[in-house]
Amino acid sequence: TFVTIFTEKYSEAVFGHVQYDLTKALQLEVGGRYTHDVVNNGGQIQIGFPGLPPFVTIPNAGTYAGNNWTGKAALNYTLNDANFLYAFASKGAKAGGSNGSTNFLPETVWAYEVGWKTQLFDRRLRLQLDGFYNDYSNYQVDGIINPATGTSGTGNTKGATIKGVEFQGQGRFGGLAVDFGLAWVDSSIGAVTLTNNRLLPNGGNNLGPQCAAGVPSNPPIC
């Protein structure tokens, strides 16, 4: 196998972030970002033996271009010198791209979080507690094998969710420093179904194409 492929990636963005004190204790944060991404693939993959043509040549030609709007809105509340509360909702994105001749979509996530931070024992101990929920669309999965080329690439699922609660602490008491944390996390990911539709080597028998997922073998139908 002779691999002479390359990928060029280009990204540009403009963003802004504003903090405004609604009261002495309550602060509003608002931010936004616009991103433009371009991916260009080139080169080729050749499969075969030198001097024994024909080679199987798979071009690595593909282009992806996409735009994403992302942002965040948050409320921060300073209860007193030792206690701080916050809540935010934000949208993030991971650019799409190209696996040669096939493209995959950008991944987006809506993230929600609420939390509390405090300091105890004359600021010798800091504690953080938060709960979060992340809702993904077009969740990207790496390592999907393309049966036509034997190369791996990236694909999309319908979505995924990650939610949980985290508790962390940091303390310093004289020469003793301690760090600890505990988390409960629950996650799920959308199913991916991949079907190889190429004809199988028939070996003198008409086997038919690869059967779809969940369909039993039934030559020559599939």
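The values are calculated or read from the model by the stated rules, or taken from the named source; none is laboratory data. Just so we're clear, the structure is a prediction, and the values are computed from it rather than from any experiment. Because the Cβ atoms are built from the backbone with ideal geometry, glycine has one as well, and the counts that use them run over all protein chains shown. Only protein heavy atoms, including side chains, enter the accessible area calculation; ligands, DNA and RNA are left aside. Shrake-Rupley method; radii C 1.70, N 1.55, O 1.52, S 1.80 Å.
Annotations for the structure displayed:
- Those residues of segment 67-87 which are crowded, with 16+ Cβ neighbours inside 10 Å and either assigned to a loop (DSSP other than H, G, I, E, B) or without any contact (Cβ under 8 Å) to a residue 40 or more places away in the chain (or both), in sequence order: T70, F84, L85, Y86
- Of residues in segment 88-105 being open to solvent by 30 Å² or more (accessible area, probe 1.4 Å) and not in a loop (DSSP other than H, G, I, E, B), the one farthest from N134 (Cα to Cα): N103
- Test: residue in segment 22-35 that is free of Cβ contacts under 8 Å to residues at least 40 places away in the same chain, surrounded by fewer than 12 Cβ atoms within 10 Å (Cβ to Cβ) and touching a Leu at 6+ places or on another chain (Cβ under 8 Å): yes
- Filter pass, T108 being surrounded by 14 or more Cβ atoms within 10 Å (Cβ to Cβ), in a strand (DSSP E or B) and touching a Ser or Thr at 6+ places or on another chain (Cβ under 8 Å): yes
- In segment 36-59, residue farthest from S98 (Cα to Cα) [restricted to those that are modelled with pLDDT under 85 and either open to solvent by less than 50 Å² (accessible area, probe 1.4 Å) or touching a Phe, Trp or Tyr at 6+ places or on another chain (Cβ under 7 Å) (or both)]: G48
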